[in-house]
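For reference, the structure is listed below as structure tokens.
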Number of protein chains: 4
Amino acid sequence: MSFNTFGKLFRFTTWGESHGPAIGCIVDGCPPNIPIKEADIQIEMNKRRPGQSKFTTQRKEDDKVNILSGVFEGKTTGAPISMIIYNKDMRSRDYETIKNKFRPGHADYTYFKKYGIRDYRGGGRQSARETAARVAAGAVAKKILENKLGKKYKVVGAVTQLGILGCDKNKWNDKFILKNSLFCPDKSVLKLWEKYLLSIRKSGSSCGAIIEVRARGIPIGLGAPIYSKLDMDLAAAMMSINAVKGVNIGSGMNSSTLTGEENSDEIFQKKGKIKFKSNNAGGILGGISTGQEIVVSFAVKPTSSILTSRKTIDRFGKNTSISVKGRHDPCVGIRAVPIGEAMMHCVILDHYMMNNGQCKI
Amino acid sequence: MSFNTFGKLFRFTTWGESHGPAIGCIVDGCPPNIPIKEADIQIEMNKRRPGQSKFTTQRKEDDKVNILSGVFEGKTTGAPISMIIYNKDMRSRDYETIKNKFRPGHADYTYFKKYGIRDYRGGGRQSARETAARVAAGAVAKKILENKLGKKYKVVGAVTQLGILGCDKNKWNDKFILKNSLFCPDKSVLKLWEKYLLSIRKSGSSCGAIIEVRARGIPIGLGAPIYSKLDMDLAAAMMSINAVKGVNIGSGMNSSTLTGEENSDEIFQKKGKIKFKSNNAGGILGGISTGQEIVVSFAVKPTSSILTSRKTIDRFGKNTSISVKGRHDPCVGIRAVPIGEAMMHCVILDHYMMNNGQCKI
Amino acid sequence: MSFNTFGKLFRFTTWGESHGPAIGCIVDGCPPNIPIKEADIQIEMNKRRPGQSKFTTQRKEDDKVNILSGVFEGKTTGAPISMIIYNKDMRSRDYETIKNKFRPGHADYTYFKKYGIRDYRGGGRQSARETAARVAAGAVAKKILENKLGKKYKVVGAVTQLGILGCDKNKWNDKFILKNSLFCPDKSVLKLWEKYLLSIRKSGSSCGAIIEVRARGIPIGLGAPIYSKLDMDLAAAMMSINAVKGVNIGSGMNSSTLTGEENSDEIFQKKGKIKFKSNNAGGILGGISTGQEIVVSFAVKPTSSILTSRKTIDRFGKNTSISVKGRHDPCVGIRAVPIGEAMMHCVILDHYMMNNGQCKI
Amino acid sequence: MSFNTFGKLFRFTTWGESHGPAIGCIVDGCPPNIPIKEADIQIEMNKRRPGQSKFTTQRKEDDKVNILSGVFEGKTTGAPISMIIYNKDMRSRDYETIKNKFRPGHADYTYFKKYGIRDYRGGGRQSARETAARVAAGAVAKKILENKLGKKYKVVGAVTQLGILGCDKNKWNDKFILKNSLFCPDKSVLKLWEKYLLSIRKSGSSCGAIIEVRARGIPIGLGAPIYSKLDMDLAAAMMSINAVKGVNIGSGMNSSTLTGEENSDEIFQKKGKIKFKSNNAGGILGGISTGQEIVVSFAVKPTSSILTSRKTIDRFGKNTSISVKGRHDPCVGIRAVPIGEAMMHCVILDHYMMNNGQCKI
């Protein structure tokens, strides 16, 4: 887990800039003999791909993944899988006018101060375009886990709060999520959400969101105490996504307001099956999976590129102001759903492999 | 960052069980020639030490730290610093009655399922007693950072929410925090908090808390993009603390409800100094420090050991119930304050060293 | 340092198979603002490139490197540098006849047993073609070190033994090495070596070699005690090269026959400069550089692909025999010279950065 | 694998100085439920312990190991195992006279230059006393491997060359090795070796040695391609031992003089069992175990502390000379045998666990 690599036994390393020729990743530590093809990965890529609805940026990228290594005759070989995605729709000119200005809320200022360099083309390496590479890595992890754990293994993410609008999580519907462009899990609020987001878009503003990712069919015992806690690695995974500012496991921040009685997920057995009365723990106790659904949610801050003029400085330290026109998502949180799912797959697989390595030998 | 080790260039590894002979840690990667003595570390240990007020567990531990290596003639040598803390007040008999039962909310069940072993003595390795070792490691990191960054470097933590009771963060007072047993930053609410916590204690119940840790005097440019983001490592650090279920950076989960206009921390210069109008980002943009105050908060769930009887199963899979008597904190969140501070020191130092290694060479 | 990644702070990850579409690497942890261009890398690539003389395989590869990320306007940005080298001359048909047989001395058998898969196309991932990617990574490290340490920094490798033929190391001539296809450092033996190697080639046989790599202009203090010793990391680096079976630092294996008097490199100062009377230590004491020349040598076993028929088994466990025709180097050791240099650059830079991170902060 | 930690999934971290209060290690990643007791570890410790014969240093250390954590009711729990060994016989006064001088061949000079500190007490952290901690870690690894692989798993080390004297490896006798103080495997040369070493001891000189470590009962498929090659990790492991300057796998450096015909270990099957005609590869092909005996040898340079006066400088840069009296081994290589065995156990177990994690899931 260092700079551009994520994971321990199952690891991926990403590379590439928003407006360079391509982006990509290397997935290392893959078990051999897992059937995989580019189309499997493309399905996940398409969920994150921009330009698919009026609610996301109009940048046109087909985000087509090419596998360059690690797969032979349709199966993983155990060698590293290198995947590349060529950038298509790079309009660097969009950035000419802001070349010397630091966009507030973006990493322009900190990158410049750290590296002494300004890659002004859409944020360069700081761009959320990097997340396309993780979705590819996550698709590989997903295939492996489905192969090992069977159909019961399932990860589903959704937007559970769009700006100031919430939803009823009791109405969560897996299938409905995939049928709407906002990854909304609750049919009853979708219309309202759409109207709200369009109004934000029209006004050149933006809003934040909360994404919730649920993982089912998880074996008991994944994770490790102390500094490889499953929830610690999930928190790191989600916080590594651009614009994420908060992460919850199960009841999360709300657990602070509960009493011990409310919070304890009572345990019982019924016909030999061990069950829990509730899931405040989000499926993780002491850093180790309980076998319940794993529930992680995270907050994505509003898109920092907005039409309204904001005060800022330029690279020479002078006061100025900026209004960002380009092509931007009114809510970057929406496209974070498949990214959160991808990170969940990767963390689960990594811990599945480590658990086998240490405890099942 | 693996199992029992935290950090990359500055790393510490902890060991020990709640009711074993001792606990301890090894701190590796220390710069040489930093003056350090056991008393420096003891100051931090004493903040976490149990049995100091009626608000915490009555387990008596003096938590005295012995340095066994890595310090010669009062200075670090660059060799690993091994520290040991002997356990004193181990009443394993407290645990005899619950030997075969899994305490809900604790890691008893998951540890047993993962390792096939039940160390029933106060949770064994899963006990929060492990955190004493991190406080020792954090004290070393603090000394080094004070030595390198000077007096402007300061980390202060406080309880900002106690169960259902909040406080006014505008009234945050560094000095007041150290003068009350609840690490409350706002004098106006202390009395109320004390009454509330005593009533919870008397009823054998427990409550959660939110801890906020602030770091000042941080150089611009610490952190790294993508998978060594400063906020990612801080999220991992805080989530690795026992009973933590949520982590926020700056506005955190609340950033989801903000608009782009509200959220963007506008930048300006005044007399050559670069400043920000607000700090929703919590001092971190794109994973890299802005030079502002770093603000991290995290939620600690209520103590799972409560007097009220809870349904559970025993290790043979039979339904039963449990009521935990022993000696327990009514709110484990309180003693998490110095732990959060320790983790902040360690993450900051690790990134300070990595930044020097990569960008200042 | 895991599976396909080498290094700690300066790290590279390689990918690709001998007969896949391409190979490549990602270099992570690069300091920013270092001028670098594809031509700088190509110079090193050309030293390793096959098909350049009658002494190496006739496979034609131009080994042209493309930089896909991490360099902007001619300078490193601090972001990962992704480099790709397309494979050109892939005659998989050469391998049809041996598709089901394990070549003795190659990794065919062990890969098949480990992964349950047989990528028969020229060895797949086990092919020495992977080393082209490290040479690219090493070229980046070289540029950085030259930028930081100046002209005094120099790494030179040579073949010091070709099969049964040695050379006089006192006649080591840097410039002569680059003027002959055998990287021979001693002009007086070259003719003999050439005749010897041609006779081996003609008979379809092969021979081993010893490569020596020397690094000059190294600061004192690089390395770390115990498990990041400079010589430990160099040994790992060289042993990771295909077909390497032994590694020496300084006097190496021969140090076993020395007395304490012979072995100790006496120290003295002359006009304020600290010097050593000898360099049995190879420039490293206690895992840390002394400031002397660093001297590493390693043995490369003879090419395992030979014309003479060898007994082996096929993938179904049946006894059979094999005679490998294809295009092969009569001595793979020769092309290991630039690879050894590349690994030296990478290890030195990694330790240079770690030393700055820990000791120069 | 960083500074004071060795290993990936099975990892140990050592700490302590030659003349501090104690040394020790933390072993992390242990599988649970392995029976282990202090006596198991003590057996290995006793093989390395000084003061046992006239051929080693007369420093008296009982090297008694205390287990402080990670073992409960006689079995590993999966939690980190902390072990401590108190130093007993610390005569720092031996070092008073050389306090300000750098001993040639030792790391005094490089440590001082790197860290700016001189821990003159017997070398401080650079002392070979650190290796006692690895022997303890290796004993844990041995217990686990014996538990998992059964009795066929065996690691045996011996001194195969003592200074200028060799032995006949065909006469290698496991049992004889343990019956003589020189770990000599060939009965026919022992007397000669003893006379030779005594003469070296009397003259206050020292000699080098070659140690060979053999591992049997190794499953096929351990190791990994490229940067986690089994031989690469073994080379790193052995080169991390104090005073080691060269490492061979199988034929090692000698493989350079072989032809392809001589070097290829032909494969055949007999009654369904796969066998090799020879073992030049030392049991490793392409970085992966073949199932043959793994054979690693390494050279230990002569003890640098000798009676003969050597030229050196003091810490103020002045020319001086030094003659080291203290208590020293005439051949440190002898006591390296159990250390080499310990490192072999640790590397094998680490790869066994990683292979299970990646390929057996």
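Worth a mention:
- Fewest-first ranking of C:172, B:193, using other Cβ atoms within 10 Å as the exposure measure: C:172, B:193
- The alpha-carbon of residue B:75 sits under 19 angstrom from the alpha-carbons of these aspartates and glutamates, leaving out residues fewer than 8 places away in its chain: B:28, B:38, B:40, B:44, B:146, D:17, D:108, D:119.
- Between A:125, A:103, A:310, the GNM of chain A built on Cα springs shorter than 10 angstrom shows A:310 fluctuating the most.
- Each copy carries a label point for residue A:40 at 7 Å from Cα along the beta-carbon vector; from one copy to the others these points are 3.9, 4.0, 5.3 nm apart, nearest first.
- Gyration tensor verdict on the stretch C:105-224 (Cα atoms; rounded if a/c is under 1.5, prolate if a/b is larger than b/c, oblate otherwise): oblate
- Three-way shape call for the stretch A:73-160 based on the alpha-carbon gyration tensor, with the a/c threshold at 1.5: prolate
- In straight-distance terms, cross-link reach from residue B:311 covers every one of the aspartates and glutamates whose alpha-carbon lies under 13 Å from its own, apart from those fewer than eight places away in the same chain; here that gives A:261, A:262, A:265, A:266.
- Axis proximity, chain C to B: residue whose C-beta lies nearest, plus whole-Å distance: C:357, 1
- Residue among A:224, A:141, A:299 with the largest mean-square fluctuation in a Gaussian network model of chain A, springs linking Cα atoms under 10 Å: A:224
- Counting, for every residue in D:292-302, the Cβ atoms of other protein chains within 10 Å of its Cβ and taking the mean gives 4.
- Close Lys pairs in the stretch B:87-137, defined as Cα atoms under 20 Å apart and 8 or more places apart or on different chains, number 4.
- Unit Cα scatterers, Debye sum, the stretch B:5-359: log10 I(q)/I(0) for q = 0.08, 0.10 Å⁻¹: -0.41, -0.64
- For the set C:360/D:325; A:171/B:245; C:152/C:187, the pairs lying more than 27 angstrom apart at their alpha carbons are C:360/D:325.
- Sorted from closest to farthest, the other copies place their residue D:166 label points 1.5, 8.1, 8.2 nm away, with each point set 7 Å from Cα along Cα→Cβ.
- Chain D: DSSP helices with Cα axial extent of at least 15 Å and average Kyte-Doolittle hydropathy no lower than -1.0: D:131-149, D:190-202, D:336-359
- Sorted shortest first, the separations between the residue A:66 label point and its copies elsewhere in the assembly read 0.6, 6.3, 6.4 nm; each point sits 7 Å from Cα along the Cα-to-Cβ line.
- Inter-chain Cβ neighbour count for B:346-359, averaged per residue, equals 5 (cutoff 10 Å, partner chain atoms only).
- Size of electric dipole in the protein assembly as shown: Cβ of Lys, Arg +1 and of Asp, Glu -1, about Cα centre, debye, nearest 20: 0 debye
- Each Cα pair under 8 Å and six or more residues apart adds its separation to the average, and for chain A the resulting relative contact order is 22 percent.
- Within a straight-line Cα-Cα reach of under 15 Å, residue B:169 can be paired with the following aspartates and glutamates, leaving aside sequence neighbours fewer than 8 residues apart in one chain: B:186, B:212, B:293.
- If you run the Gaussian network model on chain D, springs between alpha carbon atoms under 10 Å, then out of D:142, D:171, D:37 the most flexible one is D:171.
- Pairs of Cα atoms nearer than 8 Å and 6+ residues apart set the relative contact order; for the stretch B:224-361 it is 25 percent.
- Percent of Cα pairs exceeding the 60 Å cut-off, where the set is the protein assembly as shown: 13 percent
Read-outs: derived from the displayed coordinates by stated rules, not from any lab. All values derive from a computational prediction rather than experimental measurement. Neighbour counts are summed over all protein chains in view; Cβ atoms, including those assigned to glycine, are modelled from backbone coordinates with ideal geometry.
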